[in-house]
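Note sheet for the following structure.
All of the numbers you see were taken from the coordinates with simple rules; none came from a lab. Quick caveat, the model's predicted, so the values are computed rather than measured. Using ideal geometry, Cβ is built from the backbone for each residue, glycine included, and neighbour counts are taken over all protein chains shown.
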Amino acid sequence: MNASLIWKAISWILLLAYLTLLTVATHLPPQFVEFGEVRVSDKTIHFFAYLVLGFVLSMALYLTFEDIWRASYVAIVVGIAWGGLDEWTQQFFRRHPDWIDFLYDVCGILIGVLAFAVVLSVGRYWTTRNKT
């Protein structure tokens, strides 16, 4: 089996597992999560959760399309749609959809997609630099 095919499969499995975890977690009731003495706002959690989604989604799409622009565009559209659907469906689980949560989701997606593009660019730079 081809190594790139294995990485594609791993990235899609990781993405599906993360989407499942994210969807379940965002439909649970707590407004604050505590880490020892530190309380973290649900807005911060939304931002970082969707940042990771943007990164992992971009990775899976890039390994599939092999085109960073196409992967980024699709990741942004799908990520924003997922965030909107996530907020909308919360009303069916005794939670309240929140536009501010959605805004944090969108910001997280955008930063996650950008972070993947930066990591990819740096990786390409160092790979080509070390070959010469």
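Results, tabulated for the structure shown:
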{"quantity": "Of VAL38, VAL52, VAL77, the one that fluctuates the most in a GNM where the chain has Cα springs shorter than 10 Å", "calculated": "VAL38"}
{"quantity": "Among ILE100, ILE68, ILE80: highest mean-square fluctuation, GNM of the chain, C-alpha pairs under 10 Å", "calculated": "ILE100"}
{"quantity": "Residue with peak Gaussian network fluctuation, the chain [Cα springs, cutoff 10 Å], from LEU53, LEU114, LEU16", "calculated": "LEU16"}
{"quantity": "Listed values [x] 21.1; [y] 15.8; [z] 16.5, entry calculated as Kirkwood radius over Cα pairs in Å", "calculated": "[y]"}
{"quantity": "Theoretical ellipticity at 222 nm over the chain - DSSP helices of four or more residues, -39500 (n - 2.57) apiece, nearest 500", "calculated": "-27500 deg cm²/dmol"}
{"quantity": "Percentage relative contact order, the chain, counting C-alpha pairs under 8 Å, at least six apart", "calculated": "30"}
{"quantity": "Net charge contributed by nearby residues that have their C-beta within less than 13 Å of VAL106 (K/R +1, D/E -1)", "calculated": "-4"}
{"quantity": "Burial ordering of PHE92, PHE47, PHE102, fewest other beta-carbon atoms within 10 Å first", "calculated": "PHE92, PHE102, PHE47"}
